[in-house]
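No value in this document is a laboratory result; all are computed from the given coordinates. Only a predicted model underlies this, so the values are computations on that prediction, with no experimental measurement involved. Because the Cβ atoms are built from the backbone with ideal geometry, glycine has one as well, and the counts that use them run over all protein chains shown.
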Amino acid sequence: MKHLCNSVSELLEKYVDREVTDQERALVETHLLDCSSCRNDLKSLEELSNGMKVSLEEMARKEDFDRVWLKVRRELRSEEKTAWWERVRSWFALPVLHQKRVWVPAVAAMLVLIFVTVPFLTKKSPSLPADFGVEYVESKTNNVMVYEVGPAVTVIWLFEGDEEEATPS
């Protein structure tokens, strides 16, 4: 009988709150018919539950929920009216960003990125490829320049000699 009282006493709170299954409810009700100790425990729990309900209902009646909702709505409106630059500033004002532990890996990654990319960006590459050739032929009537880039591209310039070049005075 003692073992059954222990298992039923664990179910009494759920029974008062109507949270038991049908099988558990049947077990509690049949046990309560024979056990006065568990009936007294149930009666105490029901009185406590009713007392809490009455107390909470009384507190709810006294509370001015309209005033509370007005305050909530006012707060919501004030949050909506914040300027966009203040919202952006608040993103960067996170306390996590002020901790050294966050900045150290970020700065280290940035330095590695700089040291890797700077040599590629500052590398001086010739404007002409390595396999090019220029030949210049001068005569009394025409001047010719031949420019070859690789085996597939050849450019020929023909300069007529009738015009005199401007000489520095």
Apply the Karplus parameterisation 6.51 cos²θ - 1.76 cosθ + 1.60, with θ equal to phi minus 60°, to every residue of region 107-123 and state each ³J(HN,Hα) to the nearest whole Hz, in sequence, with x for glycine and proline.
-> 5, 4, 5, 5, 5, 4, 4, 5, 5, 7, 8, 4, x, 6, 6, 9, 5
How much net charge surrounds W69 when only the other residues with a Cβ under 14 Å from the Cβ of W69 are counted, with Lys and Arg +1 and Asp and Glu -1?
-> +1
State the percent of C-alpha pairs, over all pairs in region 2-62, separated by a distance greater than 16 angstrom.
-> 47
Interchain or long-range residues, amide H under 5 Å from C35's placed H = none
